[in-house]
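Everything below concerns the one structure shown next.
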Amino acid sequence: MNITDFFALGSACFGILMLGSVNLRLNLFLYSLQTIFMALATLNQSFKLVNIEMYFICIFIIALKALFIPYFLNNVLTKIDIQYDSNVMIPAPIGMHISILFLGISQLLSDKIIQSMPSIDSIGGVTAAISLLFTGILFMLLRKIAISQIIGFLTLENGIFIFGVSITKGLPLIVDLGVLLDLLVAIMIAGLFVFRIKSSFEHIDVTQLNELHEN
Amino acid sequence: MKYILIGLQIILSLFLPLLAIGIIRQIKAKLQNRIGPPIIQPYYNLIKLFKKNQILSHDSTWVFPLSSIINLSIVLILSFIIPWLPFNKSVFSGDIFLLIYLLALMRFFTIIGSIDTGSPFSSFSTSREVSLAVLLEPAIILALLALAVAFKTSDLFQIFNYAYSLDLIKIPVLILSASSLFLASIVEFSRCPIDDPTTHLELTMIHEAMIIENSGLNLAIVEYTYSLKLLLFYGLIAQCLTHCILIILNLNILLQSILCLLIIFSLLILTSLIESFSVKLSWHKVPDFIAYALTFSFLAVFAAIINGVSL
């Protein structure tokens, strides 16, 4: 296990811990830690591959995804005055244990992937990526509040990014910047939507949005 | 030299535990703007309890006084098989499975002693203790097994046999096991988020209600057993964390011991901070709390296994 794997798996661990809490601010904080660990994995990979572009991407990730987006969503939470995602489908600790099961499954899957592609050396990175994908999907499935859906989507996106970092020799700067910009715009629009939904429906439970509401 | 070290260890295990309890109480008092009892107040309490008469319930049999003595002897054996300070030398081999079964035996005798008194409070606190123990034991066992898998031995003295090697892959296992054991120790010793050790409200308490019938010499033995077990657990956690630092830095045995004692002290401060700033959880939230300890154990086992696979 090298340093990149260490940081990538640490990021996956924070993802799993995020699933165990229903406090939305704590979720955002753990998401931020997870993204910082992901950025550190990228930084280490950039030193290893002597790739100056990945170094810049790392700075952008920390500035945008680890600091700005949680700050923005925190502001949204303050405005709509919601603290807890209280009605989850199954209890949060059991969801956390299920995601640990998925961590084991992703280890087996990444073993298969490594066997078919012998040029990849970071098995931990691939494991962490698939685990973060599963965690993000579970987070979106189990929670009912719109903010949780956003956090789950961001976690899923982190998984895709780690997968890209660990199996390629680094994407071009322009591609990654485009993805980051798209993500930023998407999150800001989603945040505004949550605010509008809250003000017109008086709740942000996504399972009840199919009922029409007239004002 | 070996006998001097063993003698030092015996002296420390006689005098440090009550000091640890005193430190926790003192820091809590300072955080609540009280003057608080002096740090050596637990010693005064112990001396006072030795002088007092013992009052036994009419319903209790010979099991009740015997159980506290058996617990004391088990915890004294534990102080020899757990390497809770770096200079501890193995008199016996400190096998992990022996440790697990001795902890279970200790719990069994605590339970049987408290049921024997026939007090209703003891009975329902016993049922609480057992239902928590069922949830808690997997967490402790898995945390210790993760260490065993990572170091490829089940002897605690060999696990904490310091060898300076830049073996960075063992750090996550050690940190995750230590955090799992710390969360487990909060439940095991019924510290604050689970149970408030200072209140005597019978409806909510767990550990205090189990020992509510003890008095005099018995109570002194029970309190000493409790504090020594707390110190042993914290020593084990501190050993894990010291080992993390020693993987990177090469220190001699004196510095290791000082570092370990400092970590134990900071764990005591952490415990009193948690007790000051958290409120007692309601009973149905306690399994959620234990689930976190179990999660850290699972992650530690995963980290230990992944080390073995990829190398």
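Counting the residues of region B:1-36 that are touching a Lys or Arg at 6+ places or on another chain (Cβ under 6 Å) and modelled with pLDDT of 90 or more gives 0.
Looking across region B:136-185, just one residue is surrounded by 19 or more Cβ atoms within 10 Å (Cβ to Cβ), within 12 Å of chain A (Cβ to nearest Cβ) and part of a loop (DSSP other than H, G, I, E, B), and that is B:Ile169.
One line per residue, one yes/no per condition, for (1) under 30 Å from A:Gly95 (Cβ atoms); (2) within 14 Å of chain A (Cβ to nearest Cβ):
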{"site": "B:Ile237", "(1), (2)": "yes, no"}
{"site": "B:Ile258", "(1), (2)": "no, no"}
{"site": "B:Ile263", "(1), (2)": "no, no"}
{"site": "B:Trp283", "(1), (2)": "yes, no"}
{"site": "B:Phe289", "(1), (2)": "yes, yes"}
{"site": "B:Ala293", "(1), (2)": "yes, yes"}
{"site": "B:Ala300", "(1), (2)": "yes, yes"}
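Kindly indicate the residue of region A:87-122 that is outside any helix (DSSP H, G or I) and within 13 Å of chain B (Cβ to nearest Cβ) and also surrounded by the fewest Cβ atoms within 10 Å (Cβ to Cβ) among those meeting that condition. Result: A:Ile90. Tally the residues that are more than 17 Å from A:Asn158 (Cα to Cα), within 14 Å of chain B (Cβ to nearest Cβ), in contact (Cβ under 8 Å) with a residue 12 or more places away in the chain and part of a helix (DSSP H, G or I), restricting the search to region A:1-58. So the answer is 1.
I want to confirm something. Restricting to region A:137-172 and keeping residues that are aromatic (Phe, Trp, Tyr) and crowded, with 21+ Cβ neighbours inside 10 Å, which single residue is farthest from A:Leu183 (Cα to Cα)? Looking at residues that are aromatic (Phe, Trp, Tyr) and crowded, with 21+ Cβ neighbours inside 10 Å, I get A:Phe139.
Here A:Ala128 fits the description: within 12 Å of chain B (Cβ to nearest Cβ), closer than 28 Å to A:Met188 by Cβ and either modelled with pLDDT under 90 or in a helix (DSSP H, G or I) (or both).
Regarding A:Ile151, is this residue assigned to a loop (DSSP other than H, G, I, E, B) and either aliphatic (A, V, I, L, M) or away from chain B (no Cβ under 14 Å) (or both)?
Taking the combined requirement at face value, the residue does not satisfy it.
The values are calculated or read from the model by the stated rules, or taken from the named source; none is laboratory data. Everything numeric in this text was worked out from a predicted model, so none of it was measured. Reconstructed Cβ throughout: ideal geometry from the backbone, glycine too, with neighbour counts over all protein chains shown.
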